[in-house]
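I am attaching a structure below and will ask some questions about it afterwards.
The values are calculated or read from the model by the stated rules, or taken from the named source; none is laboratory data. Small disclaimer: the values here were computed from a predicted structure and weren't measured. Here the Cβ positions follow ideal geometry from the backbone for every residue, glycine too, while neighbour counts run over all protein chains shown.
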Amino acid sequence: MIWVIRNSRLGDQRGWFTESFSQRRFDEVGISTRFVQDNHSLSHEVGTLRGLHFQTPPFAQVKLVRCLRGRILDVFVDVRRGSPTYGKWGSIELSSARDEQVLIPQGYAHGVLTLEPDSEIFYKVSDFYAPKNDAGLRWNDPDIGVVWPGQVDTDLISEKDAKLPLLRNFESPFPYDGKPLELRVLEP
């Protein structure tokens, strides 16, 4: 299950304040993930694509993703073997103007495409980076068929991402947990 986390902003003439993470709020809806690392990235150009990434067990990661500046398309692909939604994808647009985040569980490939210049992405992860478990799928895999809006600038795709395998050549280490791909919203 993919969670869209909506936060409320309290504003006045000085600006605004938001509580961007609350373990208590997550506990109330059964999200018990413990986050251990924060990551922050900047993509200068529109059309910069990063993904589709994941880490394999035993270092698989849950990600809580938010856009601090600019606008991105956040994409997630179900790669849990036996899932009725295996290979299916979904997406959500995140921006600095909207105070929303997306929680992506283990067993999903994840990617982002910048829709505005100088977009910054901040995300929490539930396990530390493990280079030997760093994996992913090709961003333009025809069997997945992600529809990327606008123009993906292929000159800005990393060499690593351009060489990721296709879904048909992937043997998933992620078991299906009984929860098909669906979006749920956690309101403030």
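Write out, first by first residue and then by second, each pair whose Cβ atoms fall under 6 Å of each other, whose residues are 6+ apart or on separate chains, and whose first residue, in region 166-179, is of a type in the set (G, A, S) while the second is surrounded by 13 or more Cβ atoms within 10 Å (Cβ to Cβ).
S172/V79; S172/R81
Still on this structure: Sort through Q106, Q61 and tell me the only one that's touching a Ser or Thr at 6+ places or on another chain (Cβ under 7 Å), in a loop (DSSP other than H, G, I, E, B) and among the polar types (S, T, N, Q).
On the way: Q106 fails: touching a Ser or Thr at 6+ places or on another chain (Cβ under 7 Å).
After ruling out the rest, the residue left standing is Q61.
Next question. Would you pick out the residues in region 18-28 that are more than 19 Å from V125 (Cα to Cα) and modelled with pLDDT of 90 or more?
Listed by number, the list holds a single entry, E28.
Please work out if F122 is touching a helix residue (DSSP H, G or I) at 6+ places or on another chain (Cβ under 6 Å), farther than 17 Å from P149 by Cβ and hydrophobic (A, V, I, L, M, F, W, C).
Considered against the rule, which asks whether it is touching a helix residue (DSSP H, G or I) at 6+ places or on another chain (Cβ under 6 Å), farther than 17 Å from P149 by Cβ and hydrophobic (A, V, I, L, M, F, W, C), F122 comes out as no.
On to the next question. Being farther than 21 Å from Q55 by Cβ and either of a type in the set (F, W, Y) or in contact (Cβ under 8 Å) with a residue 60 or more places away in the chain (or both) is the filter here, so list the residues in region 93-131 that pass it.
Scanning region 93-131 gives D99, E100, T114, L115, E116, P117, D118, S119, E120.
Do we have S96 as more than 19 Å from F170 (Cα to Cα), buried (at least 23 other Cβ atoms within 10 Å of the Cβ) and among the hydroxyl-bearing types (S, T, Y) here?
In short, no.
Can you tell me which residues in region 23-51 are of a type in the set (G, A, S), part of a loop (DSSP other than H, G, I, E, B) and either in contact with a Lys or Arg (Cβ under 8 Å, 6 or more places away or on another chain) or surrounded by 11 or more Cβ atoms within 10 Å (Cβ to Cβ) (or both)? Let's see the steps before the verdict.
Step one: filter region 23-51 for residues of a type in the set (G, A, S), giving 30, 32, 41, 43, 47, 51.
In the following step, the residues that additionally are part of a loop (DSSP other than H, G, I, E, B) were identified as 30, 32, 47.
Across region 23-51, the qualifying residue is only G47.
Could you list all residues from region 132-172 that are closer than 16 Å to G87 by Cβ, in a loop (DSSP other than H, G, I, E, B) and among the charged types (D, E, K, R)? Walk me through how you get there before you give the answer.
Narrowing region 132-172 to residues closer than 16 Å to G87 by Cβ: 135-147, 164-172.
Within this subset, residues satisfying the condition of being in a loop (DSSP other than H, G, I, E, B) are 137-147, 164-166, 170-172.
Correct list: R138, D141, D143, E171.
When the residues of region 151-178 are narrowed to those that are under 15 Å from L52 (Cβ atoms) and of a type in the set (D, E, K, R), which ends up farthest from the chain's Cα centre (by Cα)?
The selected residue is R168.
Just checking, does region 132-150 include any residue being modelled with pLDDT under 95, over 21 Å from V4 (Cα atoms), over 15 Å from the mean Cα position of the chain (by Cα) and not polar (S, T, N, Q)?
Among the residues of region 132-150, at least one is modelled with pLDDT under 95, over 21 Å from V4 (Cα atoms), over 15 Å from the mean Cα position of the chain (by Cα) and not polar (S, T, N, Q), which makes the answer yes.
Another question about this same structure. What's the number of the condition P180 fails, among (1) in a loop (DSSP other than H, G, I, E, B); (2) modelled with pLDDT of 95 or more?
(2)
Out of region 52-79, which residues are under 21 Å from L166 (Cα atoms) and buried (at least 22 other Cβ atoms within 10 Å of the Cβ)?
Those that are under 21 Å from L166 (Cα atoms) and buried (at least 22 other Cβ atoms within 10 Å of the Cβ): L52, F54, Q55, Q61, D74, V75, F76, V77, D78, V79.
Condition test on G11, is it surrounded by fewer than 19 Cβ atoms within 10 Å (Cβ to Cβ), modelled with pLDDT under 95 and assigned to a strand (DSSP E or B)? Explain how you work it out, then say what you get.
Working: surrounded by fewer than 19 Cβ atoms within 10 Å (Cβ to Cβ): yes; modelled with pLDDT under 95: yes; assigned to a strand (DSSP E or B): yes.
So G11 passes the test.
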